[in-house]
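The structure appears right after this line, and notes come after that.
The values are calculated or read from the model by the stated rules, or taken from the named source; none is laboratory data. Just so you know, these numbers come straight off a predicted model, no measurement behind them. All Cβ positions, glycine included, derive from the backbone under ideal geometry; neighbour counts span all protein chains shown. The area values use the complete protein model at the heavy-atom level, side chains included, leaving out ligands, DNA and RNA. Shrake-Rupley method; radii C 1.70, N 1.55, O 1.52, S 1.80 Å.
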Amino acid sequence: PLAGADRDDMLSPLLDRMAIYQSFQQIGGARAALEMARDFSLQRFIFGRPLASYQATKHKLAEILIKLELARALAMHAVSELASGADSIGKSAAAARIAATQAYEEAARENLQIHGGIGFTWEANVHFHLRRSRLLALDLGSLEYWSKRLIVALSADLDRHDACDNMEGSTDGQ
């Protein structure tokens, strides 16, 4: 069995790869939850108007879409770095994982909120997204874990950048 740093060095690229793949699964779930909320708000009438016509509902759906598109962009960037074999895959994987987790959890919560009381029943499939978002959020580590991985990766980049600046500064004085 491998110990300590050797094990972490071997498992880290695999974990990053799995995080990128799971980010796409979360993005798909968030998209489905958003569409479910949108469809329900278009068919549900309150006070003679569709629920979707109210500004608060529009803002909720727009916020979900913004988080979803951010997560999609970060995941696409991470997969392109994965395909190219870039060194910064750890940062990209962590950023994609964090954004996708937040997007899916937000979409699932707001989907339930838009559905109201019917969302708590077995008749509506809202609970599938809520449970699935929680499961995927903890599957490869919590948001805190991935945030720490991102901070460590960014700190290492900053340290490398500072070291390069110090080396350039010392050669300029000669």
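Between R97, R31, R160, the GNM of the chain built on Cα springs shorter than 10 angstrom shows R160 fluctuating the most.
Computed from Cα positions, the angle between helix 89-115 and the longest principal axis of the chain comes to roughly 10 degrees. When the Cα positions of L42, L68, A107 are compared along the charge dipole of region 1-140, L42 comes out farthest toward the positive end, with charges on each C-beta of Lys, Arg, Asp and Glu. Modelled spin labels at A73 and N125, positioned 7 Å past Cα toward Cβ, are 3.0 nm from each other. A simple charge model with +1 on the Cβ of Lys and Arg, -1 on the Cβ of Asp and Glu and nothing else charged puts the dipole of region 111-157 at about 60 debye relative to its Cα centre.
Consider all pairwise Cα distances in the chain and report the whole-number % of them above 29 Å.
Summing the P(r) tail past 29 Å for the chain gives 36 percent.
With +1 on each Lys and Arg Cβ and -1 on each Asp and Glu Cβ, how big is the dipole of the chain about its Cα centre, in debye rounded to the nearest 20?
The calculated dipole for the chain is roughly 1220 debye.
The largest accessible area among F120, F45 belongs to the first residue in F120, F45, and the rest follow in falling order (1.4 Å probe, all chains).
Specify the angular offset, from 0 to 90 degrees and rounded to the nearest 10, of the alpha carbon long axis of helix 143-172 from the longest principal axis of the alpha carbons in the chain. That works out to roughly 30 degrees.
Of the GluC sites (Glu not before Pro) found in region 60-155, those that fall in a DSSP loop while having at most 14 other beta-carbon atoms within 10 Å are E123. Taking amide H as placed 1.01 Å from N in the peptide plane, the amide H of Y54 sits under 5 Å from none that are at least 5 places away or on another chain. By the rule of a C-alpha distance below 28 Å, with chain neighbours fewer than 8 residues away ignored, the lysines paired with K148 are K67, K91. Against the empirical 2.2 N^0.38 Å (N residues), region 1-79 has a Cα radius of gyration ratio of 1.68.
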